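Peer 1: So that we are looking at the same thing, I have put the structure below in structure tokens.
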Amino acid sequence: MATSPPADPNPSLGIGLKCMSVVVFVAMQTLIKTVGEDIPAGEVVFFRSFFALIPVILYLAWLGDLKQSLKTDDLPGHMLRGLVGAISMTLSFFSLPRLPYAEWISINYAAPLLTVVFAAIFLKEIVRAYRWTAVVIGLVGVSVVTAPNLSLFSTGGLGGSEALGALAALGSASLAAVAMIQIRRLVRKEKTATIVVYFSLTSSLIALLSLPFGWVLPSTEDALILVTAGLFGGIGQLLLTASYRYADTSTIAPFEYTSLILAIAIGVFLFGDPVAWTTIVGSLIVVSAGIFIIWREHQLGLERRKARRVAPPGGG
């Protein structure tokens, strides 16, 4: 998501907050992965969205912005963002326990690549050859990661579980990109806090619609895990949002890829996940393409600011 230049530049603090958000989100995902096979994905989405509201609301109340954050001029836009986001999370949480963690993370990196594609289609943004090339290369990397699992459909291996997980993860990444496009539309007239609050509210309500499709009564331990995951989700969102106050997107965004290192370590040591060479090679391709796109966006931003500085007054 495009952001305005930080009001109080402090790149070190911004990077620190971003890395903290990555750690918190990885912790959230790890908790969800531990219970994901026992709890329906729609139920997980509800816990993730509803309990994320607690730290967000407390923070906004502390700032005195809670009442303002509920004011909106585009409730249908927030509902659409919530619907798309809830479906994306459902597919994501369905796929998480069915795939090695590092592989799941790598497939999710397709979202920013697809955002470039959808921005060109729906927002009519100009995307030149450099970024198109990076997108294509990145998607090739995603295909390297997913291809071994998709071949399971023809062999019937593992009952198709990993293949379904890979398809669900791809679907989740695609819808996450659509959600980012909707966020770009919302930020033109809505506050960031408003978008965060309404997303958690709407996705919680939408998740409740899955109640007739087989919610289960979690054990005390599982319930605590789900509640904690939701709280972590809200805290991670606050840390991520705060990071953009101190550094621009091009500085902060590459640190998202540190999640891959954590995912590999957690997958191997906690879940006993194998790390296939296709996951390593494919993820390196995806990460390289993503970092190039971030760098290119930064260069274009510098060019636009330079053009505005040299433009004659009155546009003449």
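Peer 1: What pairs come up if the first residue lies in segment 182-202 and is farther than 21 Å from Pro55 by Cβ, the second is of a type in the set (Val, Ile, Thr), and their beta carbons are under 8 Å apart, counting only those six or more places apart or on different chains?
Peer 2: Once the first residue is farther than 21 Å from Pro55 by Cβ and sits in segment 182-202, its partners that are of a type in the set (Val, Ile, Thr) give Gln182/Val84; Leu186/Ile195; Val187/Ile195.
Peer 1: Oh, and also: For segment 236-249, give me each residue that is open to solvent by 30 Å² or more (accessible area, probe 1.4 Å) and among the polar types (S, T, N, Q).
Peer 2: Gln237, Thr241, Thr249
Peer 1: Where residues in segment 73-119 are of a type in the set (S, T, N, Q) and open to solvent by 40 Å² or more (accessible area, probe 1.4 Å), which of them is farthest from Tyr257 (Cα to Cα)?
Peer 2: Thr90
Peer 1: So is Leu262 under 19 Å from Val196 (Cβ atoms), among the hydrophobic types (A, V, I, L, M, F, W, C) and modelled with pLDDT of 85 or more or not?
Peer 2: So Leu262 fails the test.
Peer 1: Tell me, yes or no, whether segment 31-48 has at least one residue that is touching a Leu at 6+ places or on another chain (Cβ under 9 Å), on the phi < 0 side of the Ramachandran plot, of a type in the set (S, T, N, Q) and open to solvent by 10 Å² or more (accessible area, probe 1.4 Å).
Peer 2: yes
Peer 1: Quick one: in segment 120-139, of everything that is open to solvent by 20 Å² or more (accessible area, probe 1.4 Å) and among the small types (Gly, Ala, Ser), which residue is farthest from the chain's Cα centre (by Cα)?
Peer 2: Selected residue: Ala129.
Peer 1: Where residues in segment 265-279 are at pLDDT below 90 and assigned to a helix (DSSP H, G or I), which of them is surrounded by the most Cβ atoms within 10 Å (Cβ to Cβ)?
Peer 2: Thr279
Peer 1: Also, I was wondering about something else. Going residue by residue through segment 227-235, is there one that turns out to be under 16 Å from Val24 (Cβ atoms), under 16 Å from the mean Cα position of the chain (by Cα) and open to solvent by 30 Å² or more (accessible area, probe 1.4 Å)?
Peer 2: Yes; the residues of segment 227-235 include at least one that is under 16 Å from Val24 (Cβ atoms), under 16 Å from the mean Cα position of the chain (by Cα) and open to solvent by 30 Å² or more (accessible area, probe 1.4 Å).
Peer 1: Moving on. Quick one: is Ala173 at pLDDT 90 or above, part of a helix (DSSP H, G or I) and open to solvent by less than 20 Å² (accessible area, probe 1.4 Å)?
Peer 2: When the stated conditions are applied, Ala173 passes them.
Peer 1: So, in segment 140-157, exactly how many residues are at pLDDT 90 or above and open to solvent by 60 Å² or more (accessible area, probe 1.4 Å)?
Peer 2: Selection size over segment 140-157: 1.
Peer 1: Checking the conditions here, which among Val56, Val84, Val35 is in contact (Cβ under 8 Å) with a residue 24 or more places away in the chain, of a type outside the set (D, E, K, R) and farther than 22 Å from Pro212 by Cα?
Peer 2: The match here is Val56.
Peer 1: Pick out the one residue from Thr202, Thr258 that is closer than 29 Å to Asp74 by Cα and assigned to a helix (DSSP H, G or I).
Peer 2: Sole residue among the options that is closer than 29 Å to Asp74 by Cα and assigned to a helix (DSSP H, G or I): Thr202.
Peer 1: Further question on the same structure: Have a look at Ser4, Ser21, Ser12 and point out the one that is open to solvent by 50 Å² or more (accessible area, probe 1.4 Å), over 21 Å from Ile181 (Cα atoms), small (Gly, Ala, Ser) and at pLDDT below 95.
Peer 2: Ser12
The values are calculated or read from the model by the stated rules, or taken from the named source; none is laboratory data. Fair warning: this is a prediction, and the values are worked out from it, not measured in the lab. As a convention, Cβ positions derive from the backbone with ideal geometry for all residues, glycine included, and neighbour counts pool all protein chains shown. Just so you know, the surface numbers come from the protein's heavy atoms only, side chains and all, with ligands and any DNA or RNA stripped out. Shrake-Rupley method; radii C 1.70, N 1.55, O 1.52, S 1.80 Å.
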